[in-house]
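A quick write-up on the structure given underneath.
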Amino acid sequence: MTLMKQKEPKRRIALIMNVLFYFCGLCIGGGIVRNLTLCYELGKDDTANFIWHILPESVTMLVMTICGLCIFLILRNVKKEEVFVYQNSSLIQTIGVLIALNGLFQVTLSWFTPEGVPTDTSYRIFVLLGVFIIFMGYLFKMGVRMREEQELTI
């Protein structure tokens, strides 16, 4: 009976991991399709202000695609039971840097956007979110070091 109870959490974790894998795959695929759609629309529209509408969304979609790929790599490592490894902490920090840079790019782009083109100011939160994720990656790296030290002392 206790053996069944031990297998049930592992099955639940495996199910959650599979769902997250599929979700990341859908996000990556959706980002690629949306970027291709934006490129196609850019080729069709020749108005002067169209680039100011498409550029912020295109950059954000590209960042989301790369972040989805990083998350996919983290999930792959976790599935191999390699949770607290330096690669995962580096991937977490990469996600944070990408999100922060996207926020900075969007804010900078809004400064140069011509008048009459609506701009979105909600991208400022991406800078804060990116810095927080970088911090979480750093904490994760500290956890990896602590785990290694613990393994050496045993």
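The values are calculated or read from the model by the stated rules, or taken from the named source; none is laboratory data. Everything numeric here is computed off the predicted structure, so don't read it as measured data. For neighbour counting, all protein chains shown are included, and Cβ atoms are generated from backbone atoms with ideal geometry for every residue, glycine included.
Name the residue that is surrounded by the most Cβ atoms within 10 Å (Cβ to Cβ), counting only residues in the range 120-154 that are under 20 Å from ASN102 (Cβ atoms) and among the aliphatic types (A, V, I, L, M). Among those residues, the one meeting the criterion is ILE133.
VAL59 fulfils the conditions (1) of a type in the set (A, V, I, L, M, F, W, C); (2) in a helix (DSSP H, G or I); (3) within 30 Å of ARG11 (Cβ to Cβ) except for a single criterion, (3). Entry remark, the range 61-77: residues being at pLDDT below 85 and not hydrophobic (A, V, I, L, M, F, W, C) number 2 in total.
For the residues VAL97, VAL83, the requirement of being among the β-branched types (Val, Ile, Thr) and assigned to a helix (DSSP H, G or I) singles out VAL97.
Annotation note: of GLU115, GLU41, the sole residue that is assigned to a helix (DSSP H, G or I), of a type outside the set (Val, Ile, Thr), over 27 Å from ILE133 (Cβ atoms) and at pLDDT below 90 is GLU41. State whether the residues of the range 44-52 include one that is at pLDDT below 85, touching a Ser or Thr at 6+ places or on another chain (Cβ under 8 Å) and either farther than 30 Å from GLN150 by Cα or crowded, with 16+ Cβ neighbours inside 10 Å (or both). Yes: the range 44-52 contains one or more residues that are at pLDDT below 85, touching a Ser or Thr at 6+ places or on another chain (Cβ under 8 Å) and either farther than 30 Å from GLN150 by Cα or crowded, with 16+ Cβ neighbours inside 10 Å (or both).
Quick one: is LEU129 among the aliphatic types (A, V, I, L, M), under 21 Å from the mean Cα position of the chain (by Cα), within 25 Å of MET17 (Cβ to Cβ) and in a helix (DSSP H, G or I)? Yes, satisfied. Within the option set THR94, THR65, THR113, being of a type in the set (Val, Ile, Thr), touching a helix residue (DSSP H, G or I) at 6+ places or on another chain (Cβ under 8 Å) and in contact (Cβ under 8 Å) with a residue 60 or more places away in the chain holds for one residue only, THR113.
Evaluate the range 104-111: report whether one residue or more is part of a helix (DSSP H, G or I) and surrounded by 19 or more Cβ atoms within 10 Å (Cβ to Cβ). Yes, the range 104-111 contains at least one residue that is part of a helix (DSSP H, G or I) and surrounded by 19 or more Cβ atoms within 10 Å (Cβ to Cβ). The set of residues from the range 2-30 being at pLDDT below 75 and not hydrophobic (A, V, I, L, M, F, W, C) comprises THR2, LYS5, GLN6, LYS7. Among the conditions (1) loosely packed, with under 12 Cβ neighbours inside 10 Å; (2) outside any loop (DSSP other than H, G, I, E, B), ILE28 misses just one, which is (1).
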